[in-house]
Amino acid sequence: METTILANIPSPPQGVWYIGPVPIRAYALCIITGIVVALWLTIRRYTARGGNPDVVWDAAIVAIPAGIVGGRLYHVITDYDKYFGAGKNPWAAFNITGGGLGIWGAVALGSVAVWMLLRHKGLPLAPFADAAAPGIVLAQGIGRLGNWFNQELYGRPTDVPWALDIYYRVDEMGNYAPLTGHSTGEIIASVHPTFLYELIWNVLVFALLMWVDRKAVLGHGRVFALYVAGYTLGRFGVELMRADEANLIFGLRVNTWVSSILFIAATIVFFRLRRGRETRFEVDPHFNADTASAEAPARTAGKPRGEYGGNSRT
């Protein structure tokens, strides 16, 4: 029994630190780290496809706030009974720091915001979505570390050697404070570390997307469709293991149903989308035309005037 306890994964003693009156939240740091990694990878991939890197920065400006709003809306809608009804505080729905962001809402509203931006710029969405997909799922994996610090989204009690120990946390007054408090060292439960399962799955999906995209030369939105199918397949399994409170439909968690529907839809879309990849001019005709014009003098420098068919007197 002692060997099992020593092998368990400990939860962090706290998830919030203070610099004076300013709270430093581990969950927020994980989200920010994920965003930075996703931006870096998306810029590399979109540029390689022929896109203007400045477009990625413009997209981030609209996608990040839209994703936060969408994620919170999804959480509040699917867990409305936590905020509305007798004895509940509706204003708590606006307290994002209290936890609760749904990835489905974040991706959905963030995608709509990016689509509107690209439409305004006259650029296609599919190449951008394909470039961003691996970074998105990798960022989701990094963000799951925040759930570890918050001691949330864990699974059912278990005695497997890699079980996650959940600590009892209290604030300075000794009141129970699972998100903002400090651990007393008391273990209140040993559970499946579903945050870790999903983190590992997300990294595997990331590796799959990068490998398949390189080998099969995917485009026209197929990388993004494969991301949705891959992520939802793993999320379906994770949802079946979770034990935290959630609204049910016919005995199954809402996210279980959402995962199933999105997996089926994404799989169908993946096989129906056009094969191959867009040309650089299809990705961004204006940027590539300007780039070609700028590179032309460098290519012709030092060449005989008639070599390229212009201004020849021979």
Is it the case that the range 65-78 has a residue that's over 30 Å from Lys121 (Cβ atoms) and touching a residue at least 40 places away in the same chain (Cβ under 8 Å)?
-> yes
For the range 28-51, which residues satisfy the criterion of being of a type outside the set (A, V, I, L, M) and either under 28 Å from Leu218 (Cβ atoms) or open to solvent by 50 Å² or more (accessible area, probe 1.4 Å) (or both)?
-> Thr33, Gly34, Trp40, Thr42, Arg44, Arg45, Tyr46, Thr47, Arg49, Gly50, Gly51
Of everything in the range 268-296 that's open to solvent by 40 Å² or more (accessible area, probe 1.4 Å) and polar (S, T, N, Q), which residue is modelled with the lowest pLDDT?
-> Ser293
Check whether at least one residue in the range 120-134 is buried (at least 20 other Cβ atoms within 10 Å of the Cβ) and free of Cβ contacts under 8 Å to residues at least 24 places away in the same chain, and report yes or no.
-> no
What about Leu233, is it of a type outside the set (D, E, K, R) and at pLDDT 90 or above?
-> yes
Could you figure out which of (1) more than 26 Å from Thr158 (Cβ to Cβ); (2) of a type in the set (A, V, I, L, M); (3) touching a residue at least 60 places away in the same chain (Cβ under 8 Å); (4) open to solvent by 40 Å² or more (accessible area, probe 1.4 Å) isn't true of Ala243?
-> (1)
Of the listed residues (Leu101, Leu73), the one being under 14 Å from the mean Cα position of the chain (by Cα) and not β-branched (Val, Ile, Thr) is Leu101
State yes or no: is Thr300 at pLDDT below 90 and either among the β-branched types (Val, Ile, Thr) or open to solvent by 90 Å² or more (accessible area, probe 1.4 Å) (or both)?
-> yes
Taking the range 213-222 and the residues there that are assigned to a helix (DSSP H, G or I) and in contact with a Lys or Arg (Cβ under 9 Å, 6 or more places away or on another chain), the one that is most open to solvent (accessible area, probe 1.4 Å) would be Ala216
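Being touching a Ser or Thr at 6+ places or on another chain (Cβ under 9 Å), open to solvent by 20 Å² or more (accessible area, probe 1.4 Å) and either acidic (Asp, Glu) or closer than 20 Å to Val69 by Cα (or both) narrows it down to one residue among Trp104, Trp91; which is it?
Exactly one residue qualifies, and that residue is Trp104.
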Of all residues in the range 173-232 being aromatic (Phe, Trp, Tyr) and touching a residue at least 24 places away in the same chain (Cβ under 8 Å), which is nearest to Gly146 (Cα to Cα)?
-> Phe195
Can you work out which of the residues in the range 246-258 that are out of contact with any strand residue (DSSP E or B) (no Cβ under 9 Å at 6 or more places or on another chain) and either at negative phi or modelled with pLDDT of 90 or more (or both) is most open to solvent (accessible area, probe 1.4 Å)?
-> Leu248
Test each condition in (1) out of contact with any Ser or Thr (no Cβ under 7 Å at 6 or more places or on another chain); (2) more than 19 Å from Thr42 (Cα to Cα); (3) touching a residue at least 12 places away in the same chain (Cβ under 8 Å); (4) of a type outside the set (Ser, Thr, Tyr) for Leu138 and report the one that comes out false.
-> (2)
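Go through the range 154-180 and give me each residue that's of a type in the set (Phe, Trp, Tyr), assigned to a loop (DSSP other than H, G, I, E, B) and out of contact with any Phe, Trp or Tyr (no Cβ under 9 Å at 6 or more places or on another chain).
At the first step, the residues of the range 154-180 found to be of a type in the set (Phe, Trp, Tyr) are 154, 162, 167-168, 176.
Then drop every residue that is not assigned to a loop (DSSP other than H, G, I, E, B), which leaves 154, 162.
Hit for the range 154-180 is Trp162, nothing else.
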Go through Arg169, Arg144 for me and flag whichever is in contact (Cβ under 8 Å) with a residue 40 or more places away in the chain, open to solvent by less than 50 Å² (accessible area, probe 1.4 Å), over 16 Å from Arg242 (Cβ atoms) and among the basic types (Lys, Arg).
-> Arg169
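The values are calculated or read from the model by the stated rules, or taken from the named source; none is laboratory data. Fair warning: this is a prediction, and the values are worked out from it, not measured in the lab. Glycine also receives a Cβ, built like all others from the backbone with ideal geometry; neighbour counts cover every protein chain displayed. Just the protein is used for accessible areas: all its heavy atoms, side chains included, with ligands, DNA and RNA removed. Shrake-Rupley method; radii C 1.70, N 1.55, O 1.52, S 1.80 Å.
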